[in-house]
Amino acid sequence: MRPLGVDRPVVNITLSVVIYLLCLFVAQTTAAQTKGERAYELIQSAIVEMDNGNPDKAIVMLRKAQALDPQDISITYEIAYAYYLKKDYKQAIKLLSKLTSHKDDFDQIHQLLGNSYYEEGKLEKAIEVFDAGRIKFLKSGCLHLARGTVERNREEYDKAIQYFERGIQVEPAYVSNYLHAAEYYYHTPESVWAMIYGELFLNLEPKTPRTIQISKQLYDTYKADLIVTTKDSISVSFSKKPTMTANELSNAPKNKISFETVYKSIHLQCLANESEINLSSVNRMRKSFIERYFGSGFDKSHPNILFDYQKRVLDAGHFEAYNYELLKSGNQEEYETWKAANPRKNQEFAVWTAINPLVLDEQHKFYRLQY
């Protein structure tokens with residue numbers, strides 16, 4: 001080693017070495033990035049194959065990806081999922097069991113492992129895996145969904161809904177718990193919660209086969225729970241909680257009135273001017289509901305992230321398009337007629353909602369037990 005202050009050639013030689021090492025580092029980094037990119041492309045192609053019902057092809061691709069990036073445990077997870085699709089649950093369990101103690105472990109590993117045990121007929125082991133996962137991942141929506149699904153399949157519906165709603169509470173952006181919660185309440189007298197959870201679901205997942213089911217369910221609930229027999233005979237049955245008159249709502253302490261009563265009572269006021277239930281009348285009632293809800297100050301006493309969003313849509317001038325889009329599967333013919341007559345409204349709403357979606361997260365969430 002030469003001391004500091006040596007002559008110029010030494011400096012030049014040292015600089016050459018630095019340049020060489022820098023080039024070597026860049027080359028190695030580029031190679032690593034290339035391997036990572038290739039692995040990613042293989043994973044994406046494998047997922048497409050699995051979605052198309054070709055898990056064997058997917059496994060081949062995933063093994064290649066694993067050779068390129070052996071440290072990425074998500075690849076092992078995808079391989080296990082491919083075996084799960086093949087109904088080779090033993091192999092899926094073998095792969096997943098090794099991952100649960102890995103430093104990069106994530107909640108879906110426990111979900112798939114528990115599902116694999118469940119499909120093997122090992123119910124208690126599945127529950128053990130789900131419960132251990134929920135303890136490890138306290139904010140996991142998918143593990144609460146899995147646990148609730150076990151109870152639903154055992155026809156323990158009242159237990160199932162506790163898990164679904166807890167999943168909504170801990171991970172508001174995880175969409176499937178809203179779906180299952182809406183389905184649960186759809187079959188109970190407390191259909192108000194089917195309406196709330198169903199609409200939250202449709203905002204989070206607006207264009208899938210599951211959307212059609214929930215959209216129709218919402219519309220059917222309006223048809224079933226808003227009854228117009230004659231001009232002087234109307235009723236609302238979203239809940240077993242009592243209905244109050246407009247005067248009673250105004251005079252009673254707001255914090256003493258249940259949300260269900262507020263929901264029913266305002267809808268009864270809105271229904272008074274209607275003679276039938278269809279998309280057009282429901283659109284008018286929903287607009288009137290939000291105006292009355294906020295105008296009476298219930299947004300302060302009974303805050304609701306969904307109603308806040310509806311108010312935003314209304315203020316932006318897109319509430320009609322929002323309502324028709326939301327409920328279209330319940331009355332497809334009326335929706336198509338409206339859409340043909342209002343192409344600009346529909347297009348402008350599509351642009352607006354793409355920029356202004358309903359955001360659900362830790363700071364912006366809603367679940368029944370908030371009241």
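The values are calculated or read from the model by the stated rules, or taken from the named source; none is laboratory data. What you are looking at is a predicted structure, and each value in this text was computed from that prediction instead of being measured. Every residue, glycine among them, receives a Cβ derived from its backbone with ideal geometry; neighbour counts consider all protein chains shown. Only protein heavy atoms, including side chains, enter the accessible area calculation; ligands, DNA and RNA are left aside. Shrake-Rupley method; radii C 1.70, N 1.55, O 1.52, S 1.80 Å.
With GLU362, GLU325 as the choices, which residue is open to solvent by 30 Å² or more (accessible area, probe 1.4 Å) and at pLDDT below 95?
On the way: GLU325 fails: at pLDDT below 95.
Criteria check complete, one pass: GLU362.
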- Task: Tell me which residues, restricted to segment 101-137, are open to solvent by 40 Å² or more (accessible area, probe 1.4 Å) and either in contact with a Gly (Cβ under 7 Å, 6 or more places away or on another chain) or polar (S, T, N, Q) (or both).
- Result: SER101, GLN108, ASN115
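Working only within segment 208-235, note down all residues that are closer than 16 Å to TRP193 by Cβ and either open to solvent by 50 Å² or more (accessible area, probe 1.4 Å) or modelled with pLDDT under 95 (or both). Give the derivation first.
Narrowing segment 208-235 to residues closer than 16 Å to TRP193 by Cβ: 214, 217-218, 220-222, 224-225.
ALA224 - this is the single residue of segment 208-235 that is closer than 16 Å to TRP193 by Cβ and either open to solvent by 50 Å² or more (accessible area, probe 1.4 Å) or modelled with pLDDT under 95 (or both).
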- Message: Looking at THR188, THR243, THR229, can you tell me which residue is over 15 Å from TYR293 (Cβ atoms), touching a strand residue (DSSP E or B) at 6+ places or on another chain (Cβ under 9 Å), of a type in the set (Val, Ile, Thr) and assigned to a loop (DSSP other than H, G, I, E, B)?
- Response: THR243
- Task: Would you tally the residues in segment 167-189 being farther than 23 Å from ILE355 by Cα, open to solvent by 40 Å² or more (accessible area, probe 1.4 Å) and out of contact with any helix residue (DSSP H, G or I) (no Cβ under 6 Å at 6 or more places or on another chain)?
- Result: 4
- Task: Would you check if LEU145 is open to solvent by less than 60 Å² (accessible area, probe 1.4 Å) and assigned to a helix (DSSP H, G or I)?
- Result: yes
- Message: Would you confirm, using the coordinates I've provided, whether ASN52 is at pLDDT below 95 and open to solvent by 20 Å² or more (accessible area, probe 1.4 Å)?
- Response: yes
- Query: Only one residue in ILE277, ILE290, ILE212, ILE234 is touching a residue at least 60 places away in the same chain (Cβ under 8 Å), touching a helix residue (DSSP H, G or I) at 6+ places or on another chain (Cβ under 8 Å) and among the β-branched types (Val, Ile, Thr). Which one?
  - Reply: ILE212
